[in-house]
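Nothing in this text is a laboratory measurement; each read-out follows from the coordinates by a stated rule. Owing to the predicted nature of the structure, the values given are computational and were not obtained by experimental measurement. Methodologically, a virtual Cβ is constructed for each residue, glycine included, from the backbone with ideal geometry; neighbour enumeration extends over all protein chains shown.
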Amino acid sequence: MAEGHVRDAQPTDADEIGRIQSATWHQAYERQLPASALDAMTPQAAAESWRSAISAPPDAGHRLMVALEAGPTVTTRVGFVAIAPTDSDEEDIAAPTVEIVTILVEPRWGRRGHGARLLASAVDTARAGGAEQMICWVLAGDKATEAFLRSAGWERDGWRRTFDAGEREIAQHRLHTDISHISAGQHG
């Protein structure tokens, strides 16, 4: 029987995290992102960015955690979550807030609790750092991520932004949740 858990990412995880991000983006965001953005998301490019984030984070509030599935003979990296303090330009945020920068589980490892464990670890880490709420920007049309977050009690807060992806503009919606009342291990 396989067992899942989450731990802080280590530099040796960067190549697998890059592979997971590239594979997941190519499968999950084929309709949302332009081909040029997907072409640029190679395992090597993603791994290099994550290696830097692991080895030299901007501050202690930036954390990267990896989900693992341990089988009888091998442990496999199956997903990850990155959190960071919110940008100073985030509007309408008064309480101490942490942003989920990305949360991904490779599709072939979905529906096994890895996303829930990653989200719980992100919330626990944010709470330990003094956060009272969390936000996450979700691509418009990313129904899976939005449904996952909503199932854990997150809601859209009305904020929307767009970014230029070269060939077209991409919309995102901001979801949020209050974590001030949640104790460690109690989520959604």
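Annotations
- What the phi angles of segment 137-144 give under the Karplus curve with 6.51, -1.76 and 1.60, with θ = phi - 60°, is a coupling list of 8, 10, 4, 4, x, 7, 5, 5 Hz, glycine and proline written as x.
- Put simply, the amide H of I179, placed in the peptide plane, has neighbours under 5 Å in Q133, M134, leaving out anything fewer than 5 places away on its chain.
- Fewest-first sequence of T145, T12 by Cβ atoms within 10 Å of each Cβ: T12, T145
- Amide H partners (placed H, <5 Å) of A165, local residues excluded: I170
- Within the chain, the longest run free of GluC sites (Glu not before Pro) that sit in a DSSP loop with at most 10 other Cβ atoms within 10 Å is 92-188.
- Matching label, Rg/Rh (Cα atoms, Kirkwood Rh) computed from the structure shown, candidates [x] 1.06; [y] 0.94; [z] 1.22: [y]
- Label positions at D59 and Q44, each projected 7 Å from the Cα along the C-beta direction, are separated by 3.5 nm.
- Relative contact order (%) - criterion: Cα under 8 Å, at least six apart; region: segment 72-188: 24 percent
- C-alpha center-to-center spacing [segment 49-115, segment 12-27] in angstrom: 12 Å
- Per-residue Cβ neighbour rank within 10 angstrom, fewest leading, S49, S121, S36: S36, S49, S121
- Between F163 and S151, residue separation times 0.36 nm minus the direct Cα-Cα distance comes to 1.7 nm.
- Net lengthening on full extension, T12/R112 (0.36 nm per residue, minus Cα-Cα): 33.6 nm
- Summarising the label geometry, the points placed 7 Å from Cα in the beta-carbon direction at D92 and A171 lie 1.5 nm from one another.
- Between R19, R63, R160, the residue with the greatest mean-square fluctuation in the GNM of the chain (Cα pairs under 10 Å linked by springs) is R160.
- Of A67, A46, A122, the one that fluctuates the most in a GNM where the chain has Cα springs shorter than 10 Å: A46
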